[in-house]
Structure formats: C-alpha cells, structure tokens
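Each remark here refers to the structure printed beneath this line.
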Amino acid sequence: MTKSTYKKILLIGLDNAGKTSIVKCLSGTKKLTSFSEITPTKGNEIISIKVLDTDFSIWDLGGQEAFRKEYLSNFDNYIPGCNKLIFVFDIQDTKRYELALEYFEKIIDLTEIEKNANNFELSVFFHKFDPDLIKTDGLDKKINSLKDRVKEKLDSTDFFYQIFRTTIYAIFEKIVVY
Ligand SMILES: Nc1nc2c(ncn2[C@@H]2O[C@H](COP(=O)(O)OP(=O)(O)OP(=O)(O)O)[C@@H](O)[C@H]2O)c(=O)[nH]1
Ligand SMILES: [Mg+2]
C-alpha cells in the first residue's frame, strides 16, 4: 500500500473574493443551493479533503479586515508547513484592486521570509471570471494591469507560480450518452 501524503494549502484574499465558495467546489459539493448559504468566514477554517492518496488540509483564511491584520501580524502561525499558497483576487471588484494588491504584496513578503516547506508553490486565482462576464474595454485593461502588477511582484521572488482564471459558474457539461 502506498503511503498517503499530506499537503497544506493556504487560501488567502480579501473578504468576498470567493475563497469559501472555491473550497466548496474543491470538496465536490453537488448541491448548488449550498453556495447561497455561504456566509463570511469568521477567522480561519481548516477543511480536510482526501483525493486519491493525498490528504489536503485547506486553510480558508477569512478576509475581513480584522482577520487580515491578525494574519499579517502573526503569519508564523499560518505559513509553516504550507505546500501551496493560493491568493484569490475578485476580478469583478475593480474598486478594491489596490487594496487587494496591497494585501497580496504584504503576504508575498511574509511568505518569502517564513515559508519552509520544500517544493512550495504559489497560485494566483483571477476569480469570478464568469462565462457571462461582460468584458468591456475598461475591464480588460484593468485586469491586464492587475496581472502586470502581480507578475512584477512575483518575478522579484524565486517562487514558482501560475496565474489562473477561475469561476464557480463553469457548470456546462458535454458528455456522450449515445
Ligand atoms: N459571480 C461570481 N460570484 C462568486 C464566485 N465565487 C463566489 N462568488 C460569490 O461571492 C460571494 C462571496 O463568496 P465567499 O466564498 O463567501 O467569499 P470569501 O472569500 O470566502 O469571503 P470571506 O469569508 O469574507 O473572506 C458570494 O456571494 C458568492 O456566491 C464566482 O466565481 N462568480
Ligand atoms: Mg469565506
């Protein structure tokens, strides 16, 4: 029997970015109405999910201001042993791009100082990239400059990173039945 591995994931971003909804998707929620029952996360919640031989421990760090301050002051309570950090930006919340970037940059600085797991990875989710999103010229430009700022920050580190577009509304399926 193969030994199961353990991976710790930190999910970070401003309040309302969609972190808890993403966890629900990752845990395989089929009940779509459960998404409307999600309330803002108070502090941090640790969710365990087993996928094949890996036990994932997902730390969903509620993003309200008081909690953000706590993580930034005591990041050494959160980052040790972390294998993957996912930072979530709500790309529809253009008014708070600056605030989100400020938080992101502080988290990256602290991660550089504190992280100690081997093969640590970093992902950035450009979330709420919904299929019906109306991408006006203005929004496109804002998203591109957000991407440039994120890249600029991460290129100054030696982290391996990837940036993804994500949405919880990717529900169309096409499966051959005949
Ligand atoms: N349009 C859209 N809305 C989303 C998406 N993902 C989440 N939401 C909505 O965004 C709101 C906030 O979602 P949460 O998952 O509670 O956000 P959070 O980042 O956990 O917020 P905190 O717990 O306060 O840090 C909810 O109304 C969700 O339904 C998405 O992909 N697209
Ligand atoms: Mg939450």
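Using the Cβ-Cβ distance between Lys3 and Leu26 with R0 set to 35 Å, the FRET efficiency from 1/(1 + (r/R0)^6) comes to roughly 0.95. Cβ crowding within 10 Å, taken as a proxy for footprinting-reagent exposure, orders Asp148, Asp60 from fewest neighbours to most as Asp148, Asp60. Here the extension length gained between Asn144 and Asp15 equals 44.2 nm, from 0.36 nm per residue of separation less the Cα-Cα distance.
Here the range 113-147 and the range 11-54 have alpha carbon centers that stand 18 Å from each other.
Measuring r between the beta carbons of Asp93 and Lys151 and using R0 = 30 Å, the FRET efficiency lands at 0.95.
Net charge dipole, the chain: roughly 500 debye, given to the nearest 20, about the Cα centre with Cβ charges of +1 for Lys and Arg and -1 for Asp and Glu. Close amide H partners of Asn44, meaning residues 5 or more places away or on another chain with modelled amide H under 5 Å apart, are Gly62.
Scaling the Cα radius of gyration of the range 5-165 by the globular reference 2.2 N^0.38 Å produces a ratio of 1.02. Sorted ascending by nearby beta carbons within 10 Å, beginning with the fewest, Lys50, Lys84, Lys174, Lys24 become Lys174, Lys50, Lys84, Lys24.
No value in this document is a laboratory result; all are computed from the given coordinates. Quick caveat: nothing in here was measured; it's all calculated off a predicted structure. All Cβ positions, even for glycine, are placed from backbone atoms using ideal geometry, and neighbour counts span all protein chains on display.
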